[in-house]
1. Rounding to the nearest 20 debye, state how big the charge dipole of the chain is about its Cα centre with +1 on each Lys and Arg Cβ and -1 on each Asp and Glu Cβ.
2. Local charge sum around Glu123 (other residues, Cβ-Cβ under 14 Å, Lys/Arg +1, Asp/Glu -1)?
3. Output the relative contact order of the chain, whole-number percent, from Cα pairs under 8 angstrom with separation of 6+ residues.
4. Could you grab the Rg to Rh ratio for the stretch 27-136? Cα atoms only, Kirkwood for Rh.
5. In the chain, what percentage of the DSSP-assigned beta bridges are antiparallel, given to the nearest 5?
6. Place a label point 7 angstrom from the Cα of Ile8 along the Cα-to-Cβ direction, then list the residues of the stretch 29-60 whose backbone nitrogen is under 15 Å away.
7. Given labels modelled 7 Å from the Cα in the Cβ direction, how far is it in nm from Tyr16 to Tyr117?
8. For Thr30, enumerate residues with amide H under 5 Å from its amide H, sequence gap 5+ or separate chain, H modeled in the peptide plane.
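Read-outs: derived from the displayed coordinates by stated rules, not from any lab. Bear in mind that the values here come from a model prediction, so they are computed numbers and not experimental data. Neighbour counts are summed over all protein chains in view; Cβ atoms, including those assigned to glycine, are modelled from backbone coordinates with ideal geometry.
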Amino acid sequence: MLKVSSIISEDIQIIYNDLKDSLTEIEGSTWLISGGGGFLGSYFLDLLNYCNEKVFHNPCKVICIENFLSGTPERIKHLQNNQHIQIIKTDIVKPIEVYGDIDYIVHAASIASPSFYRKYPIETIEANVLGLKNLLD
Ligand SMILES: NC(=O)c1ccc[n+]([C@@H]2O[C@H](COP(=O)([O-])OP(=O)(O)OC[C@H]3O[C@@H](n4cnc5c(N)ncnc54)[C@H](O)[C@@H]3O)[C@@H](O)[C@H]2O)c1
């Protein structure tokens with residue numbers, strides 16, 4: 001099985017320790033996370049996966065929308081065949097169809113690195129405006 005780097009694993013452990021009292025509230029919830037292959041989004045995925053594997057009796061379900069415009073598939077490859085995490089390779093600028101109720105939406109599909117948003121200015125604006133609308137729809 002593929003593993004995340006030890007630095008990320010340590011980060012997840014620290015984040016979990018800091019948040020553990022409030023994380024019980026999200027047990028069994030369903031998440032829609034855009035940009036799950038990016039810096040922030042992938043930490044959400046890893047934290048929820050950590051809770052599912054080590055803490056929760058009732059796991060969270062996670063739907064990740066990612067087009068890998070700037071994120072790399074390798075970053076979340078270890079979650080690819082995870083039974084609770086669905087990674088959908090698509091663009092949030094296009095209408096999204098998701099079935100079932102969503103408890104939490106995290107919009108992390110926005111390019112944050114200057115070298116990438118200078119290269120993809122229109123895509124960055126569209127992900128923030130049309131992508132946010134599509135997620136909320
Ligand atoms: N990184 C930080 O420290 C930080 C702090 C505060 C707020 N933010 C905000 O959080 C958001 C995410 O930041 P980040 O650092 O994770 O960025 P990032 O560039 O690392 O990740 C963005 C991800 O979104 C994906 N993406 C881009 N357009 C997409 C589209 N149309 N459809 C699907 N996926 C798409 C990219 O492939 C990438 O994986 C940004 O809005 C940023 O401003 C970041």
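1. 460 debye
2. Once all neighbours under 14 Å are counted, the net charge is 0.
3. 27 percent
4. 0.97
5. That works out to approximately 0 percent antiparallel.
6. So the set is 35-51.
7. A separation of 3.2 nm, rounded to one decimal place.
8. Lys61, Asp103, Tyr104
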